[in-house]
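Notes to accompany the following structure.
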Amino acid sequence: MTDNLVTDVQAMGGDIKDSGQSFVTMIVADQLFGVPVLDVHDVFIPTKLAHVPMAAPEVAGVLNLRGRIVTAIDLRRRLGYPLLEEGKQVMAVVIEHHGEPYSLLIDSVGEVLNLADASCERNPVNLDQRWRDVSGGVYRLEDKLMVVLQLDKIIETGNGAIAA
Amino acid sequence: MDDLLNEFLTETNESLDVVDAELVRFEKDPNDKAVLDNIFRLVHTVKGTCGFLDLPRLEAVAHASENVLGKFRDGELQVTTEAVSLILESIDAIKSIMADLEATEKEPEGDDNELIGKLNCVAAGQAPDGGEAIAQTDMLQAEPEPEPVAQETEPDINPTLDRPLRPGEVSLEELEAAFAAAPGPDAEAGASAGNAADDASADIASEAPAAESVASADSAKAPEQPVPAVAPAAKAESEKAEKQGGKSEKAEPSVATQSVRVNVDLLEDLMTMVSELVLTRNQLLQIVRQQEDSEFNVPLQRLNLVTTELQEGVMKTRMQPIGNAWQKLPRILRDLSHELGKKIDLQMSGADTELDRQVLELIKDPLTHMVRNSADHGLESTEGRIAAGKPPVGVIKLDAYHEGGHVIIRISDDGGGLNLEKIKSKALAVGLTSEGELDQLSEQQISNFIFKPGFSTAQEVTSVSGRGVGMDVVRSNIEKIGGTVEVRSEVGRGSVFTIKIPLTLAIVSALVVESCGERFAIPQISVVELVRASSNSEHRVEKLKETPVLRLRDQLLPLVYLSDVLGLEADPDIAVQQDDEADVAAGNDRQPDAKNDDEFVVVTQVGTFRFGIVVDRVFDTEEIVVKPVAPILRDISVFSGNTILGDGSVIMILDPNGIADACGDVKDENDEAALEAANAQDSSEKISILIFNTGSAEPKAVPLSLVSRLEEVECTDIERSNGIDVVQYRGQVMPILRISDSYELRKEGRQPLLVFADETRTMGLAVDEIVDIVEEQLKIELPSDCEGMLGTAVVNGMATEIVDVSHYLVKAFPDWFDENRQERAKSNKHLLLVDDSSFFRNMLAPLLATVGYKVTAVENADRALELRELGNHFDVIVSDIEMPGMDGFDLASEIRSDERWGKTPIVAISSHGTPQDFDRGRSVGFTDYVVKTDRRGLLESIQETLHMEGSAA
């Protein structure tokens, strides 16, 4: 696999020497996702989620994070997965978008990975439309693939969904 | 010291510091428009304020540098180091004048003509040549410090600067040597550096460009060194102290001692921490309550008290009456009225409306701008007013009040209104729009151009306004805090600017309610009263068909279920459980299925419109700090914000305005809002309604427009024929209908009749008496299943049955359809009726059906377009103009832009019948335009339209 990788990169005329990027990995319905580590402000176990009627379906509600009101977005819904069964523990990753805090509800949070840019590929052309909008590329890891989430898109498309 | 002056000094010092830093940034990257705009605005503000405080020297200097900046902005002038230095120099000159101002409360003597001359020179596009520059700088050095105090400044500097020079600073001797040695424009820059050394630390940045050319190399690092963030007041003070040295202590620093300027972020952090503290306290209280005789009781009580006070204190630091922002205005207007030669009366009300400090700060400048604009552009000259037959004194009104979770500030003038033609031509000239687009725009949209950057219709640039800064700044500042600004204007009558600011951080009292197991807050300010409704109390929710209403003190109160508005679904378990609790609480032994029996009605008032929100439960009221919702939730109109309650849970705050809109109700227009009515997309329509009694005791009503005449006939003239009562009337036999079969005609005297005429036929409806004719909006609240009735509406404060005239028409002429069948078969045209008012749908649809159209009625444009998507075809579309959401004009353009219905004729019906409306209607593609109540006109128009269509095809 490593051999292939090098050949690929050389074939594309790319530079093998790259600094790479660090990602916080998270798992949603057994799929690995990554968010640049510097974008993550907080990781916590959400409690007391207040439902917001009439909001877009992916808006799970609002919650209180140390005196700040954070809007929670259910990644399962956003990505088109079935919802987690009632009562199962979820995790929340806090990010910021235009100065507003949002939290992404995920199944569990993984380790921080430092990945070489070379192992990143553009979205496969046959990727689900819903995913293509939010994916910033796919990293080939040893045993699985990690999708990089474009946070702006995740939140903004949610906005569009309300307007529609 | 004068408060006004005091504030001016602090503010201007702040602004100037920013300008210093920004200018240096700007010089590095002259293409950064944002930075330039910012500088320009700041200088503009300084200039403006100076003018009002009667500080001609400052104003002149600022005006000259603003001119140069303006040229930069418009791209007429190349950004050069020299020009920027010159502006920095003028900033220094301003600072030095201000220092004197602070010490003596007067502008120092002297003039700055040389500096201004140079600035104007640059503005005119000529570089000031070297020799001249030296001469000028000589002058400059002498000028700003003509007074003895000031003249001592320079020698004083070094002694007061009794500390090692920081990196990047240059000693005065060095500078002077450099000054003497350096030729041409550099020299003048050196001088500016020399001046800048006065305020030793903060001005390092401004010094830099000059120092680069004349002083040591390491000074080039200066801009990178962060400018120390000294509190401006303190800085001003230290500046003064430095200047005066040990010489005199007589002028005690007066600015800094009375108040401390604290960064709002710090307050915000404090607030957050206090909230946390409150939460923790609540938890502790909870724990202790469960243990009796805890030793923590006493200390906890104290903690409780202290926390509450702390919370109140912190909250208080944030609130200020809006009057604080208005204090300056009377003075400003007084001066303005002299300057402009206009007589202006400023009327202010609602000055004690409390606003969050941060919000207040942010709207202060926009407000000043807008009031100045009103005085300058809005009001006509005194002669103009007299010529227009108005009182010579122009009135500018300023109102502030809380409304439904918002603070509304209204600035109105009784001047000439916006000149739409001028705005149009300016918009075209600036390239904001094209000729074609302009035709499509409503007056409202055209008015909104004044909020675009660089837009000013003032003929000449005066020192008051007309530079095109202003309204765009106003708008961007207001939008920054999530507010909106609107302008409504009427030619010859004046304009009204309405600023609506969400109570972003304001503290409000809110009522916490529950519906379907979820809690929500309703701002207390819009809650009128609470009513508990149950089947065995005097108040109960009555349902008329699907519509819930409540009888409240002889009035029918329309109700909305919060769960319906929010689309909540009751969790059956919770509902039952609550019901049980409620049962226990009320001691009732009710049937378990009587679930909706015990409810709370929150009587809510929006404007003049009252309605009830039905909720499951009502908790306490709580003081809450409204926080704006995240942008992705901002489109949901039923929420005005959210907040964290004392127990730490997040709760959404309902916006009564949004709920009123969501339940499709209409609000009464009050007089003040009449100006807005023309443009408001509000479905309220007042029509004349005839009220009469017949048969039962309930009053009945029909729209007057349907009635041809009111007649009385002698009872003896009533004959019976073919099983119905008839009377000979104008050479025809007119059938007389009774409201119901059980109704008896009068036996003697005269029988009053309502005469309806439809096409060629006339018919009389027998009534007992005509009660009244009222002008009111007719909204059928409860549709009726009863034959001959459309439904019930509140008319004249009473529940009134609205009579379905078409029902009686058909009844009077059973042969009606036979007669028309041929015609119908021939035409059998399918007609789409789009109208948001259920009354008109109910009234027009049967009417149109009786004359032979197949009618499909929908309540809004979106539904109409859905039908198009579904592939339906219509021969003619009849659409209302004023509808919520997409209005008739938009609908027509939309229909015309798509080929499916592109050729279908559209007839507009509207309650407004001005020629402009007609023209606009035609221009967007309406085939015809009819006034709504003109029934005959409508029928004729449809027929004609169809006829034309037929002959064209």
Can you confirm whether region B:871-892 contains a residue that is farther than 14 Å from B:Ile909 by Cα and surrounded by 23 or more Cβ atoms within 10 Å (Cβ to Cβ)? no
Extreme residue, surrounded by the fewest Cβ atoms within 10 Å (Cβ to Cβ), among residues of region B:610-645 that are polar (S, T, N, Q) and either away from chain A (no Cβ under 11 Å) or not in a strand (DSSP E or B) (or both): B:Ser637
B:Ser721 is checked against (1) of a type in the set (Ser, Thr, Tyr); (2) crowded, with 18+ Cβ neighbours inside 10 Å; (3) without any contact (Cβ under 8 Å) to a residue 24 or more places away in the chain and fails just one. What number does that condition carry? (2)
Of residues in region B:14-24 being without any contact (Cβ under 8 Å) to a residue 40 or more places away in the chain and crowded, with 16+ Cβ neighbours inside 10 Å, the one nearest to the chain's Cα centre (by Cα): B:Ser15
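Every residue, every condition in (1) crowded, with 18+ Cβ neighbours inside 10 Å; (2) touching a Lys or Arg at 6+ places or on another chain (Cβ under 9 Å); (3) more than 24 Å from B:Leu362 (Cα to Cα), yes or no:
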position	(1), (2), (3)
B:Asn304	no, yes, yes
B:Glu309	no, no, yes
B:Glu312	no, no, no
B:Arg318	yes, yes, no
B:Ala325	yes, yes, no
B:Glu339	no, no, yes
Residues (in a helix (DSSP H, G or I), in contact with a helix residue (DSSP H, G or I) (Cβ under 9 Å, 6 or more places away or on another chain) and at pLDDT 75 or above) located in region B:255-267: B:Leu267
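Inside region A:43-72, can you point out the residues that are among the hydroxyl-bearing types (Ser, Thr, Tyr) and modelled with pLDDT of 85 or more?
Step one: list which residues in region A:43-72 are among the hydroxyl-bearing types (Ser, Thr, Tyr), which gives A:47, A:71.
Within region A:43-72, A:Thr71 is the sole residue that qualifies.
Yes/no matrix, rows are residues, columns are (1) at pLDDT below 90; (2) within 30 Å of B:Ile653 (Cβ to Cβ); (3) facing another protein chain (nearest Cβ under 10 Å); (4) not in a strand (DSSP E or B):
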position	(1), (2), (3), (4)
A:Gly87	yes, yes, no, yes
A:Ile95	no, yes, no, no
A:Val109	no, no, no, no
A:Val112	no, no, no, no
A:Val125	yes, no, no, yes
A:Arg132	yes, no, no, yes
A:Asp152	yes, yes, no, yes
A:Glu156	yes, yes, yes, yes
A:Ile162	yes, yes, yes, yes
Cβ-Cβ below 8 Å, separation at least six or inter-chain, first residue in region A:136-148 and on the phi > 0 side of the Ramachandran plot, second in a loop (DSSP other than H, G, I, E, B): which pairs? A:Gly137/A:Arg122; A:Gly137/A:Asn123
For region B:417-437, what are the residues that are free of Cβ contacts under 8 Å to residues at least 40 places away in the same chain, part of a helix (DSSP H, G or I), in contact with a helix residue (DSSP H, G or I) (Cβ under 7 Å, 6 or more places away or on another chain) and surrounded by 13 or more Cβ atoms within 10 Å (Cβ to Cβ)? B:Ile423, B:Lys424, B:Ala427, B:Leu428
Being part of a strand (DSSP E or B), surrounded by 16 or more Cβ atoms within 10 Å (Cβ to Cβ) and at pLDDT 70 or above narrows B:Met763, B:Met843 down to just B:Met763
Can you name every residue in region B:268-323 that is closer than 24 Å to B:Ile501 by Cβ and part of a loop (DSSP other than H, G, I, E, B)? B:Ile322
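Please enumerate the residues belonging to region B:398-416 that are part of a loop (DSSP other than H, G, I, E, B) and at pLDDT 85 or above. Break it down into steps so the answer makes sense when it comes.
Start the filter on region B:398-416 by keeping residues that are part of a loop (DSSP other than H, G, I, E, B), which leaves B:404-405, B:414-416.
Matches in region B:398-416: B:Asp414 only.
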Candidates B:Gly648, B:Gly658 - the one that is surrounded by fewer than 22 Cβ atoms within 10 Å (Cβ to Cβ) and within 8 Å of another protein chain (Cβ to nearest Cβ): B:Gly648
Please state which of the following conditions B:Val395 fails to meet, knowing it meets all the rest: (1) touching an Asp or Glu at 6+ places or on another chain (Cβ under 7 Å); (2) at pLDDT below 85. (2)
If I ask for residues that are surrounded by fewer than 15 Cβ atoms within 10 Å (Cβ to Cβ) and over 29 Å from the mean Cα position of the chain (by Cα), which ones from region B:517-529 would you list? none
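The values are calculated or read from the model by the stated rules, or taken from the named source; none is laboratory data. All figures in this text were calculated on a predicted structure; none of them were measured in a lab. Here Cβ is always computed from backbone atoms with ideal geometry, including for glycine, and neighbour counts include all displayed protein chains.
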